[in-house]
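The values are calculated or read from the model by the stated rules, or taken from the named source; none is laboratory data. Please read all numbers here as calculations on a predicted model, not as lab measurements. Don't worry about glycine lacking a Cβ; one is built from the backbone with ideal geometry, like all the others, and counts go over all protein chains shown.
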6 protein chains.
Amino acid sequence: MTRVPDEALDLIPGGTLITATPAEGRALAIAIVRNTVHNIQPELEALQAGRPQYATDAARLIAATQVVSLEFATIAAANNYWR
Amino acid sequence: MTRVPDEALDLIPGGTLITATPAEGRALAIAIVRNTVHNIQPELEALQAGRPQYATDAARLIAATQVVSLEFATIAAANNYWR
Amino acid sequence: MTRVPDEALDLIPGGTLITATPAEGRALAIAIVRNTVHNIQPELEALQAGRPQYATDAARLIAATQVVSLEFATIAAANNYWR
Amino acid sequence: MTRVPDEALDLIPGGTLITATPAEGRALAIAIVRNTVHNIQPELEALQAGRPQYATDAARLIAATQVVSLEFATIAAANNYWR
Amino acid sequence: MTRVPDEALDLIPGGTLITATPAEGRALAIAIVRNTVHNIQPELEALQAGRPQYATDAARLIAATQVVSLEFATIAAANNYWR
Amino acid sequence: MTRVPDEALDLIPGGTLITATPAEGRALAIAIVRNTVHNIQPELEALQAGRPQYATDAARLIAATQVVSLEFATIAAANNYWR
């Protein structure tokens, strides 16, 4: 098995929830979710095998998006909604 | 494969969570959710193949609506509920 | 195909999250959820075909109720819980 | 078909989110969730047919409990957590 | 059928959301979730039949844990996060 | 059957929701979720049998990540988002 690279395991890339813009906050949400997945399953082959499952199935694609929405809610609150 | 157009990948269309009205906030929630889906799966063909799956299946339609509700909660808080 | 009528596509019926009572807030939550479904799937025939799926299946009925609960949380906060 | 009785359709039984104790708040959460289900599906026969589905299946039982937890979060906030 | 004992139906064991420590708050979250399940399904035989379903299936185990997380969010807020 | 070790049952490892950094908060979220799973299912053999189910299935991997996101939301609020 191949382990995902170290940076793909960084639980909070950049080390902070604070971002300059909402779009950067959204990108951070995606990165945090992805790297949490990697921490639960760090084997590259297993991740690559699972990729077609969710990327072409509407239910899993919606579920992945839902986790990003939840994560973004936390990041948006942290940034006081970039008001 | 065809990649979705660049504007369909914009993580926060308009670049802000602030909107003039609740209805515009809801439309933004739908747009953010849709474009997050596009970022996870940017291949147009895969998206079009998945469309009939959720649009005609009640469970997936409810799941898609749930993500919009979650996203709207964040946007509504950002706008102090348009009080 | 038949498109749902325009009022069924109104993203925030009444244009505001503020209501006089908790019961009106709950009714608004149901209306917002329903109309979001209509925006994702505006074809009347597809909606009518999906109706028996969730209305007679406990899992989908619970899922639909869950989205109403999420939406109501936002509306209740907007109304400062009608305290 | 038989329609559920009117009181089973009351969206917010008692008309308020404020309760004297946490246990009464939890009971209200259960009542609100149940009556929302009734509003989505008011036919008694369909509800009774669906009852065995969720009451004996762990996944649906957990899902029903999850909706109660979400509803209770709103009621608890409304009551300032009965502090 | 055997009904679960009365204490297993107590909606908020202890009658308050306030606890001395985070660990006690987590234990309360588990107890509240469990007793809500009992209120929806008070027949001991049905509960025991459903137990192997979720305890040995990863999807249901994750779902049960998710409800505990949601419940704990409310309890943690009630306790001002034990700061 | 083998019971998981005592430390794997600790409901809040470290006894507090307060952490020095967001990454430590995320690690705590993962630990809390994992140990809640252990409390619901403390048999090591059952846990090991379930592991391949979620670690190689995209849907369960996403669901596990979602619970971590929910838990992190609570921890982030407890830490005032490490602002």
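What single numbered condition from (1) touching a Phe, Trp or Tyr at 6+ places or on another chain (Cβ under 9 Å); (2) at pLDDT 95 or above fails to hold for E:Thr65?
(1)
For A:Glu45, work out the one condition from (1) modelled with pLDDT under 95; (2) crowded, with 18+ Cβ neighbours inside 10 Å it doesn't fulfil.
In the conditions (1) modelled with pLDDT under 95; (2) crowded, with 18+ Cβ neighbours inside 10 Å, A:Glu45 misses (2) alone.
From A:Leu28, A:Leu11, A:Leu17, which residue is in contact (Cβ under 8 Å) with a residue 24 or more places away in the chain and either in a helix (DSSP H, G or I) or touching a His at 6+ places or on another chain (Cβ under 9 Å) (or both)? Walk me through it before giving the result.
On the way: A:Leu11 fails: either in a helix (DSSP H, G or I) or touching a His at 6+ places or on another chain (Cβ under 9 Å) (or both); A:Leu17 fails: either in a helix (DSSP H, G or I) or touching a His at 6+ places or on another chain (Cβ under 9 Å) (or both).
Sole residue among the options that is in contact (Cβ under 8 Å) with a residue 24 or more places away in the chain and either in a helix (DSSP H, G or I) or touching a His at 6+ places or on another chain (Cβ under 9 Å) (or both): A:Leu28.
Consider C:Leu28 carefully, then state whether it is at pLDDT 95 or above, out of contact with any Lys or Arg (no Cβ under 9 Å at 6 or more places or on another chain), within 11 Å of chain D (Cβ to nearest Cβ) and over 19 Å from D:Pro13 (Cβ atoms). Steps first, answer last, please.
Values: at pLDDT 95 or above: yes; out of contact with any Lys or Arg (no Cβ under 9 Å at 6 or more places or on another chain): yes; within 11 Å of chain D (Cβ to nearest Cβ): yes; over 19 Å from D:Pro13 (Cβ atoms): no.
It is false that C:Leu28 is at pLDDT 95 or above, out of contact with any Lys or Arg (no Cβ under 9 Å at 6 or more places or on another chain), within 11 Å of chain D (Cβ to nearest Cβ) and over 19 Å from D:Pro13 (Cβ atoms).
Please tell me if F:Gln66 is part of a helix (DSSP H, G or I), more than 14 Å from the chain's Cα centre (by Cα) and not basic (Lys, Arg).
Spelling it out, it is not the case that F:Gln66 is part of a helix (DSSP H, G or I), more than 14 Å from the chain's Cα centre (by Cα) and not basic (Lys, Arg).
Those residues that are surrounded by fewer than 22 Cβ atoms within 10 Å (Cβ to Cβ) and aliphatic (A, V, I, L, M), I need them from the range A:48-62; list them, please.
A:Ala49, A:Ala55, A:Ala59
Any chance you could count how many residues in the range C:38-57 are outside any helix (DSSP H, G or I) and at the interface with chain B (Cβ under 7 Å from one of its Cβ atoms)? Talk me through it step by step, then tell me what you get.
First, pick out the residues of the range C:38-57 that are outside any helix (DSSP H, G or I): C:41-43, C:56-57.
From what is left, the residues that are at the interface with chain B (Cβ under 7 Å from one of its Cβ atoms) are C:41.
Number of matching residues: 1.
Just to check your reading of the model, which residue among D:Ala23, D:Ala76 is within 11 Å of chain E (Cβ to nearest Cβ), of a type in the set (Gly, Ala, Ser), assigned to a helix (DSSP H, G or I) and crowded, with 20+ Cβ neighbours inside 10 Å?
Details: D:Ala23 fails: crowded, with 20+ Cβ neighbours inside 10 Å.
That would be D:Ala76, the only listed residue that is within 11 Å of chain E (Cβ to nearest Cβ), of a type in the set (Gly, Ala, Ser), assigned to a helix (DSSP H, G or I) and crowded, with 20+ Cβ neighbours inside 10 Å.
Are there any pairs with C-beta distances below 6 angstrom linking a residue in the range F:66-83 that is farther than 13 Å from A:Glu71 by Cβ to a residue that is hydroxyl-bearing (Ser, Thr, Tyr), with the two at least 6 apart or on different chains, and if so which?
The qualifying pairs are F:Ala78/E:Tyr81.
Answer with yes or no whether E:Gly15 is at the interface with chain D (Cβ under 9 Å from one of its Cβ atoms) and among the small types (Gly, Ala, Ser). Outline the logic, then answer.
Details: at the interface with chain D (Cβ under 9 Å from one of its Cβ atoms): yes; among the small types (Gly, Ala, Ser): yes.
The answer is yes for E:Gly15.
For the list (1) closer than 14 Å to A:Arg26 by Cα; (2) over 13 Å from the mean Cα position of the chain (by Cα), I need the number of the one condition that B:Ala58 fails.
Here B:Ala58 meets the rest and fails (1).
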